[in-house]
Amino acid sequence: MEAVRFRAIAQLNRHRDGARSVVQEVAFELSLVDNHVGAMVAAAEALTTRLPRTLNLMDQGKLAGFSAMKVAAATAWLSDENARAADTLLEDRLEGRNPDQIRKAASHAADTIDRDGADARTARHREGRRLTLRQGETGVASIEVEDGPVEKVTAAYQRIDREARTLKTRD
């Protein structure tokens with residue numbers, strides 16, 4: 001049934017030439033927030049044009065809509081040709097997996113299919129890296145690293161964790 005819903009959403013979106021009102025109309029009809037429905041509309045378009053094998057898994061009851069949305073989001077940056085190649089690569093790797101595993105598999109497939117594009121995306125994201133300190137009102141604070149190189153962020157986390165464990169006392 002979810003595959004039918006995605007096809008209907010894609011058909012409505014095409015009928016309305018991708019008008020922004022489609023998101024609000026579907027959100028109202030399904031009692032969902034606009035952000036989620038925007039992702040649904042994008043996934044519907046991808047599933048019905050670029051990811052036919054993933055949509056077929058939904059038809060067979062082997063993949064839920066939420067999981068299919070993970071595939072669509074992870075492959076959104078690929079060209080149509082590369083998205084279809086990733087879809088083929090993923091066809092036998094999705095059944096029986098949870099949404100997080102599916103997201104990781106789809107991201108890996110996209111990166112594998114278009115290595116140069118993946119490297120360019122990583123470089124663009126790293127340009128926006130930043131470290132923020134947020135001080136709360138109750139004497140607590142948070143540190144957040146956004147878009148840093150995975151190896152450096154992981155090393156920083158491990159060092160902070162190691163130091164914290166060293167300093168930890170019963171009190």
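Between Trp77 and Asn35, the distance separating the two model label sites (each 7 Å from Cα on the Cα→Cβ line) works out to 2.0 nm. The lysines whose alpha-carbon is closer than 16 Å to the alpha-carbon of Lys62, local same-chain residues fewer than 8 away aside, are Lys70.
Restricting to DSSP H runs of at least four residues, report the calculated mean residue ellipticity at 222 nm for the chain, -39500 (n - 2.57) per run over all residues, nearest 500 deg cm²/dmol. Mind showing how you got there, number by number?
Details: 9 runs with 115 residues, N = 171.
When only DSSP H runs of four or more count, the value is -21000 deg cm²/dmol.
How large a share of the accessible area of the chain, in percent, is made up of carbon and sulfur atoms when the probe is 1.4 Å and the other protein chains stay in place? In the chain, the share of accessible area belonging to carbon and sulfur is 49 percent. Size descriptor for the stretch 48-115, Kirkwood hydrodynamic radius: 11.3 Å (Cα pairs only, one decimal). Extension gain for Leu131-His108 works out to 5.6 nm (0.36 nm per residue, less the C-alpha to C-alpha distance). In the full protein context, the stretch 26-136 carries 58 Å² of accessible surface per residue, based on a 1.4 Å probe and ignoring ligands, DNA and RNA.
Within a straight-line Cα-Cα reach of under 18 Å, Lys152 cannot be paired with any lysines, leaving aside sequence neighbours fewer than 8 residues apart in one chain. Taking the chain as the reference, fit the longest principal axis to its C-alpha atoms, fit the long axis of helix 115-127 to the helix C-alpha atoms, and give the angle between the two in degrees, 0 to 90, nearest 10. Taking the Cα atoms of the chain, the angle to 115-127 is about 50 degrees. Size check on the chain: the Cα extents along the three principal axes, sorted descending, read 60, 37, 32 Å. With K and R counted +1 and D and E -1, the other residues having a Cβ less than 11 Å from that of Lys70 yield a net charge of +2.
The values are calculated or read from the model by the stated rules, or taken from the named source; none is laboratory data. The model shown is predicted, which means the values in this text are computed figures rather than measured ones. Using ideal geometry, Cβ is built from the backbone for each residue, glycine included, and neighbour counts are taken over all protein chains shown. Surface areas here come from the heavy atoms of the whole protein model, side chains and all, with no ligands, DNA or RNA. Shrake-Rupley method; radii C 1.70, N 1.55, O 1.52, S 1.80 Å.
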